[in-house]
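Data first, discussion second: the structure below is written as structure tokens.
The values are calculated or read from the model by the stated rules, or taken from the named source; none is laboratory data. Just so you know, these numbers come straight off a predicted model, no measurement behind them. FYI the Cβ positions are ideal-geometry reconstructions off the backbone, even for glycines, and counts take in every protein chain you see.
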2 protein chains.
Amino acid sequence: MGLIVQKFGGSSVRDKERIFNVAKIITDTYKAGNEVVVVVSAQGDTTDDLIAKACEINENASKREMDMLLSTGEQISISLLAMAIEKMGFPVVSLTGWQAGFLTRSNHGAARIRRIKGERVRRELDNNNIVVVAGFQGLNRFDDITTLGRGGSDTSAVALAAELRADRCQIYTDVDGVYTADPRIVKDAVKLDEISYDEMLELASLGAGVLHNRSVEMAKKYHVNIEVLSSLEQKPGTIVKEAVKVEKLLIKGVTKDENVARIALIGLPDTPGIAFKIFSLLASKKINVDIILQSIGRHNTKDISFTVPLSDKDAALALLHEKFDVVGAERIEADDNVVKVSIVGAGMQYNPGVASKMFEALYDANINIQMISTSEIKISVLIERKDADRAVVSIHDAFDFKDN
Amino acid sequence: MGLIVQKFGGSSVRDKERIFNVAKIITDTYKAGNEVVVVVSAQGDTTDDLIAKACEINENASKREMDMLLSTGEQISISLLAMAIEKMGFPVVSLTGWQAGFLTRSNHGAARIRRIKGERVRRELDNNNIVVVAGFQGLNRFDDITTLGRGGSDTSAVALAAELRADRCQIYTDVDGVYTADPRIVKDAVKLDEISYDEMLELASLGAGVLHNRSVEMAKKYHVNIEVLSSLEQKPGTIVKEAVKVEKLLIKGVTKDENVARIALIGLPDTPGIAFKIFSLLASKKINVDIILQSIGRHNTKDISFTVPLSDKDAALALLHEKFDVVGAERIEADDNVVKVSIVGAGMQYNPGVASKMFEALYDANINIQMISTSEIKISVLIERKDADRAVVSIHDAFDFKDN
């Protein structure tokens, strides 16, 4: 018994059958005595269809009008889901983002939630209604409809859970939880019962793709307990919550990130401030640099290698070539035949030997490590792209996930 | 130079080509130095498609959720039209019904406009924007989205024109004005330059189908000059405005109404109050009775015949049979093989001989008149359904429309 926020993605409501499947989950939760607030995305391909419609008219349409158009997607899914719940005989009301009180910054297409005025949702709950809210959208201070951009619906759900002080925020997806590795790659990957916000953040940024970082960051900030679970199977998922301090080693997962490229600046002058110059240049164009490796070159020069998202590689190279004189390198090399494989888990800093165990696994599999990066809860290596899945399997085998 | 409200129906924005055609009309009006507010319906079949989606889920969905769903139709068309106007390089902003300040009564599906808070539209006009508003929709006092029901978009346009004190409200349709008769039936039907609100009301209620009565009534109440014109041809349409007092006969048109059935109550007791009893019974079920004819029957009884909308025939018969004892008729007859043909025009009451000219035309065409009804601006006859088009042509030929 409590207040539960449930979020369903677009594929969970893509057709009549799925809508009634979701309605069953919702009404079961309601029947069990809970107050239920539901956050829904646009159905299946609706958003893509609307974008195609817009592009036919104007491929450079303003973001304001795009938001006006795209926000209809969730409005359609909330009303259809509410109709399904009505059909099953339960009291329900659907609310758009603005009706549910989502106030955002004014930037269209990627607006951040400023605050939520929860009165309307609270009132509907007090009237014993199931409340179905359109995710991904809000209203800015000009009374214009905004959309939240990538990961928006998850963020809507977590923000609403925070505002309502919900007991839990359930994120229903097409996987049944967070795994120690991608089950399509590692057969004996284990589903985690629990994971901390920080660990989840690392896994998400490394491409596990279950929850968007933005929603996890918000959950961490407002102490919202998230549960990731499947809308297609009735079983417990993975709880994402505050870290419990542990000294015991708990590797939470092995993950690969394919959106990565390596850039090398060869033969830089060995003068102070050269790294600062390069990375502030990249930062000015909002290019995120991840692993950085600096080595002594020949003849009083040095080499700097670093990784950027694959999607930013061309922009980074163009920028470095444009500022070739400023950078002062002899030459610039780029390699997108790489992939980043990481292990994530709290307690790593108390457990020497974790890194060496990982490197040993890679050595045994005859996989060459190009770069290494470590943090309190993560060790990442850059390896050749073709070795990615073998690396994940080897590392996963080397650790014991049975405890999780 | 002035403030012009332009309304475009669903077929006028059904695809890319039509949307740009409409955008051209709008931007031409704007370029000519006018402030332009546009009211748009949902594209082509969108509303029907959404209704089908809803029925698949729940054929008895609440009207509130239907309104939530259906209002997305206009939201899609306003954003796409705004994108087209952007593409043509003009400043534009789209507004939903609630953003444009449409406040309605609370009944979903057929809400009446309570008032319009015009500040937002006024502000956008002051910023030199073309303003594209979603017709057919508003917000009730619970902050829920409502739709206005039949004729809603025309009514939105006229109401907004009234609120903004627009110089003209142009209703663009797929015909180029109001004709003296249906051009598909009468080859030499003439387009009217002007028509009064009252005449338009009679023509609309008799099935001319260009403007919904609700919008004409509102235009009459707030003195809004309407122009009905074609979105496909560049030429003046028909102005609907205050009547100019005339003594000259001006028949404005001949029209037929096929949504009619005749009911006869035979052998009623010849006692006072019997007509009152019957018609208050029908009124209690909101069945509109039009032409009424009472005649002396045999043996101290009387017969009463009247017409009802064909769509109400079954309900009327069921009610009369249910209350057979109260009604006290010997038998009840019904005939839906009838049609109502009317001439409409101010000045009729000053011109005796109009009715006889109409009856003569029907006599010459060998068409039998079953019932007759007259008002200050209308003469209607009930005839057999098969004679309808011949009757319209004969009557149209008998009058001279060249003056109009």
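When residue A:232 is evaluated against the numbered criteria (1) farther than 30 Å from residue A:18 by Cα; (2) in contact (Cβ under 8 Å) with a residue 60 or more places away in the chain, which criterion, by number, is the only one it fails?
Every listed condition holds for residue A:232 apart from (1).
Touching a Gly at 6+ places or on another chain (Cβ under 7 Å), crowded, with 24+ Cβ neighbours inside 10 Å and under 20 Å from residue B:122 (Cα atoms), is that true of residue B:157? Can you show your working first?
Values: touching a Gly at 6+ places or on another chain (Cβ under 7 Å): yes; crowded, with 24+ Cβ neighbours inside 10 Å: yes; under 20 Å from residue B:122 (Cα atoms): yes.
It is true that residue B:157 is touching a Gly at 6+ places or on another chain (Cβ under 7 Å), crowded, with 24+ Cβ neighbours inside 10 Å and under 20 Å from residue B:122 (Cα atoms).
Determine whether residue B:154 is in contact with a Ser or Thr (Cβ under 7 Å, 6 or more places away or on another chain), in a helix (DSSP H, G or I) and away from chain A (no Cβ under 11 Å).
Values: in contact with a Ser or Thr (Cβ under 7 Å, 6 or more places away or on another chain): yes; in a helix (DSSP H, G or I): yes; away from chain A (no Cβ under 11 Å): yes.
The answer is yes for residue B:154.
Residue check: is residue A:175 crowded, with 24+ Cβ neighbours inside 10 Å and away from chain B (no Cβ under 14 Å)? Full working, then the answer.
Values: crowded, with 24+ Cβ neighbours inside 10 Å: no; away from chain B (no Cβ under 14 Å): yes.
Taking the combined requirement at face value, the residue does not satisfy it.
Which residue out of A:164, A:192 is touching a residue at least 24 places away in the same chain (Cβ under 8 Å), surrounded by 20 or more Cβ atoms within 10 Å (Cβ to Cβ) and in the same structural domain as residue A:66 (by TED's automatic domain parsing)?
Numbers: A:192 fails: in the same structural domain as residue A:66 (by TED's automatic domain parsing).
None of the others qualify; the one that does is A:164.
Taking only segment A:121-145 into account, find how many residues are touching a residue at least 40 places away in the same chain (Cβ under 8 Å), out of contact with any Asp or Glu (no Cβ under 6 Å at 6 or more places or on another chain) and either in a helix (DSSP H, G or I) or aliphatic (A, V, I, L, M) (or both).
Of the residues in segment A:121-145, 6 are touching a residue at least 40 places away in the same chain (Cβ under 8 Å), out of contact with any Asp or Glu (no Cβ under 6 Å at 6 or more places or on another chain) and either in a helix (DSSP H, G or I) or aliphatic (A, V, I, L, M) (or both).
Restricting to segment A:167-186, name every residue that is touching a residue at least 12 places away in the same chain (Cβ under 8 Å) and either in a helix (DSSP H, G or I) or charged (D, E, K, R) (or both).
Pass one, segment A:167-186, residues touching a residue at least 12 places away in the same chain (Cβ under 8 Å): A:167-182, A:185-186.
Result: A:167, A:168, A:174, A:176, A:182.
Go over the candidates A:378, A:402, A:323 one by one and state the one that is at pLDDT 85 or above, of a type in the set (D, E, K, R) and not assigned by TED's automatic domain parsing to the domain that holds residue A:267. Quick ask: steps written out before the conclusion?
Working: A:402 fails: at pLDDT 85 or above; A:323 fails: not assigned by TED's automatic domain parsing to the domain that holds residue A:267.
Result: A:378 is the single residue among A:378, A:402, A:323 that is at pLDDT 85 or above, of a type in the set (D, E, K, R) and not assigned by TED's automatic domain parsing to the domain that holds residue A:267.
Find the residue count for segment B:51-61, including only residues that are more than 7 Å from every other protein chain (Cβ to nearest Cβ) and assigned to a helix (DSSP H, G or I).
We begin by selecting, within segment B:51-61, every residue more than 7 Å from every other protein chain (Cβ to nearest Cβ); these are B:51-52, B:55, B:59-60.
This time we only want the ones that are assigned to a helix (DSSP H, G or I), so: B:51-52, B:55.
The qualifying residues number 3.
Mind listing just one residue for me: the one in segment A:31-50 that is within 22 Å of residue A:151 (Cα to Cα), in contact with a strand residue (DSSP E or B) (Cβ under 9 Å, 6 or more places away or on another chain) and assigned to a loop (DSSP other than H, G, I, E, B) and, of those, nearest to the other protein chains (Cβ to nearest Cβ)?
Applying the first criterion (within 22 Å of residue A:151 (Cα to Cα)) to segment A:31-50 yields A:36-50.
Imposing the further condition that a residue be in contact with a strand residue (DSSP E or B) (Cβ under 9 Å, 6 or more places away or on another chain) reduces the set to A:36-42.
Narrowing the set further to residues that are assigned to a loop (DSSP other than H, G, I, E, B) leaves A:41-42.
On the way: A:41: 15, A:42: 11 Å.
Taking the candidates together, the pick is A:42.
Could you please find all residues in segment A:371-388 being surrounded by 16 or more Cβ atoms within 10 Å (Cβ to Cβ), among the charged types (D, E, K, R) and farther than 19 Å from residue A:262 by Cα?
A:378
Do any strands (runs of 3 or more DSSP E) entirely within segment B:301-381 hold 2 or more residues that are closer than 16 Å to residue B:288 by Cβ, and if so, which? It would help to see each step written out before you state the result.
Details: elements: B:301-308, B:331-335, B:338-344, B:371-375.
Result: B:301-308, B:338-344, B:371-375.
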